[in-house]
Amino acid sequence: MPPRVDREKCDGCKAEEEPLCAQICPGDLMVLGENKKAYCRAARDCWDCMSCTKVCPVGAIETRAPYQLGYHVAKLIPMMGTNTITWTCIDINGKVERFRYKNRTT
Amino acid sequence: MAKDLPKDLKDIPTEVIETDLLIVGGGNAGCFAAIEAKKLNPNLRVTIMEKAHISRSGATAAGMDAINTYIPEGKTPEDLVRWSRSQVGGGPIREDLALSNAQNLNEAVEDLEEWGLPILRDEEGNAQYRGGWDVSIHGEQLKPIMAEKAMAMGAEVYNRIAATSLLMDGDRCVGAMGFGVRDGKFYIFRAKAVIVSTGGACGLYKSYTSDATSSHHQTWMSPFNVGTGYAMGIRQGAEMTSLEQRWVATRTKDFCGPVDTISVGYKSSITNARGERILQERYAHLGGDKAPRYIRANAPMEEWLAGRGPTYADTTHMTPEEVKDMKTDYLNERPAFVLFLAARGQDITKDPIEIYGSDPYVVGGHTQSGYWVDIERMTTVSALFAAGETAGGNPNKFVGGCAAEGKLATRGAVKYMATVTLPELDTQQVEREKERIFAPLLRGPEFDGVSQTEMEERMQRLMDEYAGGTSQFYRTNEERLDYALKHLKMLRDQTKFLYAKDLHDLMNAHEVIDRLDVAEVLVHHLKFRKETRWQGWQTRSDYPDTDPKFDCFVESRRNKETGEIEMFTRPYEQIVPGDRYQP
Amino acid sequence: MSKPVPKIALFIWDPGERLARGLDLEALLQKFSKAKGVARAEVIADPWSAAWFASIKEDLAAGRIDRILWVGHFTPQQMKILQGELQPAGLNTFLHHWCDLEEQGILLAGIDQGVRNRKVLALLEMALARTRLLEPLEPLELPASEAMLIIGAGVAGIHTAASLAELGKRVYLVEKESGVGGKVALLSRFYPRLCDPHCGLQHALDRLHASQLVEFHTLATVMSLEGGPGNFAARIQKRPRYVNEQRCNGCGVCTGVCPVKVPGAPGDRDVFPQAGASPQPDRKAIHPAFPLAFPPAYVIDREDCLAGCRECEQVCPAQAVELNQTPEEQVLNVGAVLVTTGWDPYPLDRVAEFGYGRHPRMISNLEMETLLGAELQRPAPDFLGSGLREVGFIQCAGSRDERHLKYCSAVCCAVTLKQALTFKELAPEANCYVFFMDMRCPGFNEELYRRARDQGVIFIRERPTSVKIDETTGKLNIRVKDPILERPVRVDLDLLVLAGGMAPAEGTPDLARVLNLPQNQYGFFESHQQCHPEESQRTGIFVGGCAREPMNVSQSIESAHLAAMKALKFLQGSVIIEPTYPVVDKTRCDQCKRCVEECPFGSFGFDEKSFPTPDLARCRQCGNCMGVCPLGVISLRHHTIKQTAAQVEALNPAFMGEGEPVILAFLCANDAYPAARAAVDQGLPVPPNVISIKVPCAGSVNNALVADALSFGIDGVLIAGCRDDQCHYVRGSQLVQKRSGDLGEKLRTMMLEPARVRFESLEIRESQRYVDLLQAYIEDLKAMGANPFKI
């Protein structure tokens, strides 16, 4: 499940040594490129845990379903609150589903 | 951020860190181990060595939707052991470990709740059980919560350090070695006791989802857990148990995501292309819907093999509210599955969720593969303790159980280290290891060799075809296993041709090397158990029935001098009375 | 091992029964007395009654209550009194929360009663949610130095040092030249009295010596500044003087034997000062300090010496010459820093149309000072030789000019008038012509202009575009069209003074880097122009005089004194830190350093593990770090993200009923909140749809809170702060706009309207605008429909 980085929005976390997505990826797959933008070095190795997508402060990362498994332009967008997470899912027919639940009690 | 590759071992700096308790692998069990250690003695130096970043590393990276298990009101730890035993077809299991785990289980789960994990409770405050033993949670933050607690308690965390080998003093483990995936340094951790909690081993077998482009890691289990912990112990002659009891499970087809959520949580039966409810139809004598796990894992595959596929979890009866709840569960554990359904525009009340068997894994939190440990969780290597999925003998630990194992292993380790002093550093040993670690990187960009991807794919197809992978519907036989051993030997010999072009590659290269070591032992285990006791997990076409001679544990140990894998058995001991085959 | 349950006392104060008329207070009390954590709930008749206070103190002592939620309209003064009364009884001043229902518009006319009731419930739930999470806090007292560092010993620096010393404060005066006095020591006269500047300088020096608390470090520059207000450590580097400061008594015998003569501004009257010549008079390699001969010890410019020469050393009667001196470093521990590094003249050769440098009689106004000063000291019978009869001045030479200095240099008009008057004093028959665009003589300086006109100075309101040199006569020829006479005017000048402007001192960028001080668009040290002109953007570092902007001498002295006054706060031997400072949760911090970059005051340093750590004395507690942190791990104590999140969660998003949107407004304490409050006080028709939370700065609002609000079903989130160029914390408004923009983008991908989140700027009295923008916002939200998350 390759993460797709929007190069317009990505600011490489201000080109600090390790952007947030690179810090968090359990597979060490996100990396800061020469153009100071983040990218996934091996889409085939992604496990789609979506940690990168959740952590990006400018919302530049999108997790996409590989085309082998599903069809194009479906979206699943997490939005991190303080103790709550919201998910918006838009399927290929444009149907929108929304989910919200607490992910921390304190 | 291209770094200049070192040209010589001398260019690679070494960091030596001394600590009291070293925890290799900062996952669920590892974090709990660290927390428990600091609780027992705040002055203890506790160090976590983690390949990724503990906030999201390991199998719980995306979260969890349930804690299986948590003993409900009215049930006892013995009840849990009985259930666990029956789930693996009566065992044999290490009932001593299972009992001590069950006795510490609820405390671990309650810890998590106190630290902020939302456990779903009803108006009266009772936890909502979805099966007999599993409680629903909103666990999207499960891993960060555990990781933060470990840090808050004062554990020293070294992120992005890949462990490669144990540090030994004769037969005693005195630490571990590895390298920095970001800084490229050689790391030596010296410790009075070591807990290895690196999780299970995924990617020994080729996943059927492994198409070329974007789905290589479309596995149920975390593909970043490769069995390094097992491999490090194997290389030092540690005794392993029950590796032949591989974990194979029914999973959503192609996506390879969890299915218990649906089948158990929403009572969706497994059906085949004809709409037959398989478990009731064909496995009623084994308990039907409550049949042991491996029956449920294998059932869809048998249907496919017999030409009655595809197979489904029948979700057509679910109400819209239930669908929403189910998707919320998935969002907590494997969120991309919701995306998967959306990418097909799939309405599961009309199109049920397709299921299939997964590729086989070695994961001691679900089955009982792993290190042979004593009641203190010490392995057969002195001062080396195993916690969580790395420890064998006790299946059905899952999240709660692995957390409890972390605590237990720490208690064992802390008791042990009271009398320990650290020896001088064995410079020859560390030099050898440093050379071994960095060899692929130092071979240089012009080296005519093999990439880790190539070697990994070769190994995975070998295991799949010859050691009972999904393409073979988990079946294997003596001749194929011998073939596998022969080629695994060649592969292991060919690791000298591995090259790495950067530190990430180097990490992947060592993952392949570790997987090969585990695969070899696994195949020996499969060879040795000449029966079929847990169909699917361990199917011998040449020995299709159970043989009472093998009502025991199958053990292995690598001979450090010869490198040969020695196989033997240990007897099963029933501690909790009752019918082994009934919960 | 669970957390202690809070024990809240909930008091409703309703004098005049204004709340009671619109609400059923009894029912509210009934409901909330059973709420989680509430131990006592009542309507209080008189918050000033001794008996009632006694009952609270009893409850506190018995541990029955441990915090208070006050519901009612209390003034800040009243709040302080109540907090003060209860503190001795053991109730920490931070364990109070104030919920003003009226301020939230509960009593405004025309609100449906159902809405009113539900809104009150929401407000009280929110208030309780926050009250439960309050923590007791104590201010910190950090030990501090009582010494002051003043960089730049010009007129502002010296006067301020003297004043501070008189207050008993030790002062380190660091000066890069060998002597003090700066530009003022080069001037011929002060206006308006036309008195000698050295008189004032000397007087200030006398005051300094009297106290003995001022330590001079000349030939010195500041290399680094570590620490924070109250506890700065400034490392200075001193270039060698080659003369022992203690031994030298300034006898001057050395200059007699020194074989090297270095020409300065010529004393020979027949030769005009060359453009760019050093203002220093002729000197030897060893010479008195410059510009003022103070400190009295001489100084050797070693690069002027002849190789191997040791004449001065051999002859010095006090054995004060030390040719082997090396640069020295020293660390000064101070509580505050004042920058009074002054200005440098704008290089006039860049103003190409005049051709400065082509002619010895075309000089700058600063060079004119040297000329006049020399003449005033040693007047000649025929001033400056023969033929000096026609003198011209061109104003705004390089100032108020897009190509050069865009600003007005403030003093050049008065300086020209001063110079013209002085010149007329020395040579009464001379003619002075002033070419100007405007004559800027504000205040009492108008008198200078009148005097100049009375003395016959001719003012021509046109700026020449070129200056011609007459090859035959050697005179400088200017032609303009006089706009009043509407006729061409031509003058042939013996001397032309270009009134050049004041540019930031040459060393400003280096010093700015060392002190980490931002410079403004003109290159001067940035300060807050209206309200806090003496403050830089770095707490504890102040700027005074022309280092800040062009100004005259009196103003320089004033501004530096103002800065010193503010600096006194950090020179008391200890610094009190209000406990509402930011705390970084290092277990969750991933060192992305956004807080470090975005802090408008450069308050963040790093600890030994590279975690960002705020310097509590530098920190101004604006909360922008809390706002920008992508993981929400920084919180201001008493304004934590979790406390605010609890309030947001407690807000019932359906309190307006069907079809009416609910807006959560974060209002900055400085401008937006007073504007909103005034709207209610003025009885303006504030829509009931909005519930507001006061925040220290708009920039302190973290995106996670906005995400929370939307995910709970609130229809719109308003963040209101100061205008971008008026933000009290420099750029809080800007920062939050960028972040909300990013969040808006994400909302769009989620099929939520980005316009649900908006930023508005409000000035402190824009109460009507607040109402107008809310009404427009509500219309927009109605058109969008309810938030789909309103489940």
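The values are calculated or read from the model by the stated rules, or taken from the named source; none is laboratory data. Here the structure is a predicted model, which means the values were calculated and not measured. Glycine gets a Cβ as well: all are built from the backbone with ideal geometry, and neighbour counts include every protein chain shown.
Taking the stretch C:438-493 and the strands (runs of 3 or more DSSP E) fully enclosed by it, the elements with 1 or more residues that are out of contact with any Phe, Trp or Tyr (no Cβ under 6 Å at 6 or more places or on another chain) and exposed (fewer than 15 other Cβ atoms within 10 Å of the Cβ) are at C:476-482, C:487-493.
Checked across the stretch A:2-19, the condition of being within 24 Å of C:C595 (Cβ to Cβ), surrounded by fewer than 22 Cβ atoms within 10 Å (Cβ to Cβ) and facing chain B (nearest Cβ under 9 Å) holds for at least one residue. Within the stretch B:157-179, the presence of a residue that is more than 14 Å from chain C (Cβ to nearest Cβ), under 30 Å from B:D329 (Cα atoms) and under 21 Å from the mean Cα position of the chain (by Cα) is excluded.
From the list A:A60, A:A38, the lone residue that is among the aliphatic types (A, V, I, L, M) and closer than 26 Å to B:G184 by Cα is A:A38.
Across the stretch B:93-125, what is the total count of residues that are touching a residue at least 12 places away in the same chain (Cβ under 8 Å), away from chain A (no Cβ under 14 Å) and not aliphatic (A, V, I, L, M)? Residues that pass the stated criteria total 9. Among the listed residues C:P630, C:P674, which satisfies the condition of being part of a loop (DSSP other than H, G, I, E, B) and outside the structural domain of C:L121 (by TED's automatic domain parsing)? Unique residue meeting the criteria: C:P630. Considering the conditions (1) outside any loop (DSSP other than H, G, I, E, B); (2) within 7 Å of another protein chain (Cβ to nearest Cβ); (3) under 25 Å from C:A709 (Cβ atoms), A:R44 is excluded by exactly one of them, (3). Under the condition of being touching a strand residue (DSSP E or B) at 6+ places or on another chain (Cβ under 6 Å) and either modelled with pLDDT of 95 or more or surrounded by fewer than 24 Cβ atoms within 10 Å (Cβ to Cβ) (or both), the residues counted in the stretch B:39-67 number 8. Within the stretch B:432-454, restricting attention to residues that are out of contact with any Lys or Arg (no Cβ under 9 Å at 6 or more places or on another chain) and outside any helix (DSSP H, G or I), the residue that is modelled with the highest pLDDT is B:D448.
Considering each of B:R475, B:R529, B:R515 in turn, give the residue that is under 30 Å from B:G91 (Cβ atoms) and under 18 Å from the mean Cα position of the chain (by Cα).
Numbers: B:R475 fails: under 18 Å from the mean Cα position of the chain (by Cα); B:R529 fails: under 18 Å from the mean Cα position of the chain (by Cα).
Checking each option against the conditions leaves just B:R515.
Scanning the stretch C:735-753 for residues that are within 17 Å of C:S700 (Cβ to Cβ) and in contact (Cβ under 8 Å) with a residue 24 or more places away in the chain yields C:L735, C:V736, C:R739, C:S740, C:D742, C:L743.
Of the residues that sit in the stretch C:95-114 and are closer than 20 Å to C:E578 by Cβ and in contact with a Lys or Arg (Cβ under 8 Å, 6 or more places away or on another chain), which one is surrounded by the fewest Cβ atoms within 10 Å (Cβ to Cβ)? Lay out the reasoning, then the answer.
Step one: filter the stretch C:95-114 for residues closer than 20 Å to C:E578 by Cβ, giving C:95-98.
Now restrict to residues that are in contact with a Lys or Arg (Cβ under 8 Å, 6 or more places away or on another chain): C:95-97.
On the way: C:L95: 24, C:H96: 19, C:H97: 23.
It comes out as C:H96.
Taking the stretch C:207-230 as the range and being over 15 Å from C:L338 (Cα atoms), not in a strand (DSSP E or B) and not hydroxyl-bearing (S, T, Y) as the test, the residues that pass are C:R207, C:L208, C:H209, C:A210, C:Q212, C:L213, C:L219.
Give the residue, chosen from B:L491, B:L522, that is surrounded by fewer than 23 Cβ atoms within 10 Å (Cβ to Cβ) and either in contact with a Pro (Cβ under 8 Å, 6 or more places away or on another chain) or over 29 Å from A:M30 (Cα atoms) (or both).
On the way: B:L522 fails: surrounded by fewer than 23 Cβ atoms within 10 Å (Cβ to Cβ).
Checking each option against the conditions leaves just B:L491.
Just name the residue that is surrounded by the fewest Cβ atoms within 10 Å (Cβ to Cβ) out of those in the stretch C:542-596 that are charged (D, E, K, R) and in a loop (DSSP other than H, G, I, E, B). If we take residues in the stretch C:542-596 being charged (D, E, K, R) and in a loop (DSSP other than H, G, I, E, B), then C:E578 is surrounded by the fewest Cβ atoms within 10 Å (Cβ to Cβ). Within the stretch A:20-41, if we keep just the residues that are touching a Lys or Arg at 6+ places or on another chain (Cβ under 7 Å) and farther than 16 Å from B:S222 by Cα, the residue that is farthest from the other protein chains (Cβ to nearest Cβ) turns out to be A:K37.
Let's see how each residue does on (1) surrounded by fewer than 18 Cβ atoms within 10 Å (Cβ to Cβ); (2) closer than 21 Å to B:T470 by Cα; (3) within 14 Å of chain A (Cβ to nearest Cβ); (4) not basic (K, R):
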position: B:L286; (1), (2), (3), (4): yes, no, no, yes
position: B:T315; (1), (2), (3), (4): no, no, no, yes
position: B:L331; (1), (2), (3), (4): no, no, yes, yes
position: B:I355; (1), (2), (3), (4): no, yes, no, yes
position: B:S369; (1), (2), (3), (4): no, yes, no, yes
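When C:K418, C:K424 are checked against the criterion of being crowded, with 18+ Cβ neighbours inside 10 Å and either touching a strand residue (DSSP E or B) at 6+ places or on another chain (Cβ under 7 Å) or under 30 Å from C:L571 (Cβ atoms) (or both), C:K424 stands alone in meeting it.
Just so you know, in the stretch C:172-195 the residues that are over 17 Å from C:F290 (Cα atoms) and modelled with pLDDT under 95 include one that is surrounded by the fewest Cβ atoms within 10 Å (Cβ to Cβ), and it is C:R193.
The residues of the stretch B:383-431 that are of a type in the set (V, I, T), under 24 Å from B:T164 (Cβ atoms) and in a helix (DSSP H, G or I), listed by number, are B:T390, B:T410, B:T427, B:V430. When only residues in the stretch B:208-241 that are farther than 20 Å from B:R334 by Cβ and β-branched (V, I, T) count, which is farthest from the other protein chains (Cβ to nearest Cβ)? The qualifying residue farthest from the other protein chains (Cβ to nearest Cβ) is B:T241. For the stretch A:71-81, residues that are assigned to a loop (DSSP other than H, G, I, E, B), at the interface with chain B (Cβ under 8 Å from one of its Cβ atoms) and buried (at least 23 other Cβ atoms within 10 Å of the Cβ) total 1.
Does the stretch B:526-564 hold any residues that are in contact with a helix residue (DSSP H, G or I) (Cβ under 6 Å, 6 or more places away or on another chain) and part of a loop (DSSP other than H, G, I, E, B), and which are they? Across the stretch B:526-564, the qualifying residues are B:R529, B:E531, B:Q535, B:G536, B:W537, B:D542.
Pick from the stretch C:707-731 the residues that are part of a strand (DSSP E or B) and closer than 18 Å to C:P688 by Cβ: which of them is nearest to the other protein chains (Cβ to nearest Cβ)?
Taking the stretch C:707-731 first, the residues part of a strand (DSSP E or B) are C:716-721.
After this cut, where a residue has to be closer than 18 Å to C:P688 by Cβ as well, the list is C:716-718, C:720.
Working: C:G716: 16, C:V717: 12, C:L718: 18, C:A720: 21 Å.
In this case the residue turns out to be C:V717.
Inclusion of C:V628 among residues that are touching a Leu at 6+ places or on another chain (Cβ under 9 Å), β-branched (V, I, T) and without any contact (Cβ under 8 Å) to a residue 60 or more places away in the chain is not warranted. Of the residues making up the stretch A:56-70, those that are more than 7 Å from every other protein chain (Cβ to nearest Cβ) and either under 30 Å from B:D111 (Cβ atoms) or not in a loop (DSSP other than H, G, I, E, B) (or both) are A:I61, A:E62.
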